Structures are given as C-alpha cells and as structure tokens.
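Data first, discussion second: the structure below is written as structure tokens.
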Amino acid sequence: MPDLRILVTNDDGIEAPGIEALEEIAHRISDDVWTIAPDLNNSGAAHSLTLRRPLRYRHRGEQRFSVDGTPTDCVLLGLQHLIPGKPVDLVLSGVNHGSNIGEDVTYSGTIAAAMEATLFKTRAIAFSQVWRRQEEIDWSMALAQGPDLVARLMAMPWPDDVLMNVNFPDCAPERVKGVKVTEQGKRKLGDELVERLDPRGVPYVWIGLQREDDAWRDGTDIAAVNEGWISVTPIHLNMTHYPSLQVVEKALRR
Ligand code: MN
C-alpha cells in the first residue's frame with residue numbers, strides 16, 4: 001500500500017523508542033508516512049485537548065513534527081492543519097511503553113489519539129508493548145508482527161466509530177502463540193498513593209503503581225497478553241450502556 005497516507009503519533013513523546021519502532025512499521029507499509037507527536041511524555045493524558053494556551057509545533061525532519069501538547073492535539077493538528085493535500089488514510093498510535101489493557105483504555109493517551117482519528121472517520125490502530133522491566137523493552141515483536149497486522153486490519157470492512165487496540169505480549173517474537181481478538185478486561189483495584197514530604201517539609205502525594213486483581217476472565221485483553229497472545233480489541237467510541245437505557249428510563253418515569 002505505497003500510497004496509503006499514514007500519520008504516526010504516540011503519548012510517550014517524539015523521542016520515545018516506541019515511536020521509532022512504529023515509524024519503521026509504517027515505512028514498511030507505505031512511502032507516505034507523517035509523524036506528529038508530543039514533545040514530552042503524555043502518558044495518562046487520556047483524550048485531553050489543550051484549549052487555554054496556544055500550541056507550538058517544531059519541525060523534526062521530513063514529514064515529522066513535535067507539538068507541545070497532548071496526543072489528541074497532535075492528531076487534530078495532523079488531520080486539520082499540518083499535513084497538506086490528500087487526507088490521512090490511517091493513524092497509528094504507539095508503540096506505547098507498557099500495556100493498554102482493561103481500564104488503561106480510559107487513561108491512555110495512546111488510545112485517545114486513535115479515538116481522535118476515529119472521530120474524524122479515519123481508521124486508527126493503537127499499539128502497546130507489555131513489559132516487565134521498562135529499561136529492557138523489546139520491540140522485535142512489534143516490528144515482526146506489526147506490518148502484517150495492519151495490512152490484515154486494513155483489508156477488513158472497518159466498522160464505524162471503532163478503533164483497534166493492539167497489545168503485544170512480553171515474549172520473543174518466535175514464542176508468540178498468535179493473535180486473539182479480545183474484549184476489554186477488568187483488573188484495577190485502585191492506585192497506590194504515596195505521601196511524602198518535599199524538601200521544605202510540605203506533604204505531597206504521588207500516584208504510584210496500580211493495584212490489580214489477579215483474577216481475570218478468559219477472552220479478555222488481560223488474559224490474552226498474560227498467556228502470550230497478541231491481543232486485538234475493537235473499541236467503540238459510543239459509551240452508552242444500552243441494557244441500562246430501559247432500567248434508567250423506568251426509574252425516572254413519572
Ligand atoms: Mn505512554
């Protein structure tokens with residue numbers, strides 16, 4: 001697909017090794033690759049938009065920019081302002097440093113970038129790499145499997161208002177079991193909040209590690225990556241809980 005116009009972004013920032021891996025994946029698919037990513041790490045930024053200050057962008061090479069904003073800002077600038085001529089066909093976000101499974105989906109800037117693209121009716125895939133030790137993330141699985149996954153997803157009749165959330169398990173590419181299509185799981189029990197004193201003796205709180213339930217259901221993104229599968233979850237932007245419509249309607253009826 002040499003003419004496919006691809007926009008690459010992430011939430012870990014333009015200098016993160018994960019975006020380098022994703023740019024390589026994109027270049028294996030197409031000759032028309034653009035990169036627009038935050039200049040700093042925006043993990044946990046979710047779908048936030050910068051409205052109360054101007055956005056500055058910087059050239060970072062051919063068809064490459066960084067923005068002093070969020071992943072959502074980057075996609076917005078890409079689809080509406082910085083990329084001239086023909087529209088973007090596909091937005092790839094990531095490869096995130098760490099998983100985006102279960103409740104992560106609601107906090108993730110990586111997923112939010114794909115959400116923003118989906119709002120513009122542009123196909124979007126979020127990629128994340130599970131790790132045990134952050135300093136030793138291995139991108140070889142993403143590089144080995146990414147191009148083929150993108151090609152197969154692009155050949156599918158893509159549903160409206162849906163993005164694809166891909167998570168690579170933490171294992172060598174030759175040991176992966178295959179691809180599993182999964183549903184969003186559930187594991188979060190809260191976060192570990194650490195209170196300490198700053199150098200002036202004033203207390204601060206720092207959000208630490210997520211506390212997790214170690215039981216997870218089969219068929220979920222969490223189960224898949226823990227068992228060595230690549231997880232692909234279709235995520236719908238419309239968050240209405242349809243089974244509740246009648247229940248709430250009945251409760252509020254006079
Ligand atoms: Mn991140």
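The values are calculated or read from the model by the stated rules, or taken from the named source; none is laboratory data. Note that the structure is predicted; figures quoted are calculated from it, not measured. For the accessible areas, the whole protein counts, side chains as well, though only heavy atoms, and no ligand, DNA or RNA atoms are used. Shrake-Rupley method; radii C 1.70, N 1.55, O 1.52, S 1.80 Å.
Before rounding to the nearest 500, sum -39500 (n - 2.57) across all DSSP H runs of length at least 4 in the chain and divide by the residue total; then give [θ] at 222 nm in deg cm²/dmol.
On the way: 7 runs with 67 residues, N = 254.
After summing the helix terms and dividing by the residues of the chain, the value is -7500 deg cm²/dmol.
What fraction of the Cα pairs in the range 17-107, stated in percent, has a spacing above 18 angstrom?
Working: 1894 of 4095 pairs.
Of the Cα pairs, 46 percent sit more than 18 Å apart.
Which order do you get for C74, C171 if you rank them by accessible area with a 1.4 Å probe, largest at the top? Write out the running numbers ahead of the final one.
Working: C74 0, C171 40 Å².
The ordering from most to least exposed comes out as C171, C74.
Counting DSSP beta bridges with both partners in the chain, what percentage is antiparallel, nearest 5?
40 percent
Can you give the % of DSSP beta bridges in the range 56-146 that are antiparallel, to the nearest 5?
35 percent
How many percent of Cα pairs in the range 170-249 exceed 17 Å?
68 percent
Please pull out the direction-averaged projected area of the range 140-179, using the convex hull of its alpha-carbon atoms, in nm² to one decimal place.
Mean shadow area of the hull around the Cα atoms is 3.1 nm².
Once the whole set of protein chains is in place, how much accessible area is left on F127, using a 1.4 Å probe, in Å² to the nearest 10?
Accessible surface of F127 is approximately 0 Å².
Which percent of the accessible heavy-atom area of the range 166-254 goes to carbon and sulfur, probe 1.4 angstrom?
Reported share for carbon and sulfur atoms: 54 percent.
Once ligands and nucleic acids are excluded and a 1.4 Å probe is used, how much of H97 is accessible, expressed in Å² to the nearest 10?
40 Å²
Could you sort S99, S231 by their accessible area in this structure, using a 1.4 Å probe and putting the largest first?
S99, S231
When we measure straight from the Cα of K188, which aspartates and glutamates land under 13 angstrom away, once same-chain ones fewer than 8 places off are left out?
Straight-distance partners of K188: E103, D104, E212, D213, D214.
If you split all Cα-Cα distances of the range 65-182 into 5 Å bins from zero, what percentages do you get per bin, shortest first?
Going out from 0 Å in 5 Å bins, the range 65-182 shows 2, 11, 20, 22, 20, 14, 7, 3, 0 percent.
Indicate the helices, whole DSSP H runs only, in the chain that combine a mean Kyte-Doolittle hydropathy of 0.0 or more with a Cα extent along their long axis of 18 angstrom or more.
17-29, 140-154
Please identify, among V205, V105, V232, the residue showing maximal mean-square fluctuation in a Gaussian network model of the chain using a 10 angstrom Cα cutoff.
The residue with the greatest mean-square fluctuation here is V205.
How many angstrom lie between the Cα centre of the range 113-177 and the Cα centre of the range 1-63?
15 Å
How long is the chain along each principal axis, judged by its Cα atoms, biggest number first, in Å?
Computed over the chain, the largest-to-smallest principal extents equal 52, 52, 51 Å.
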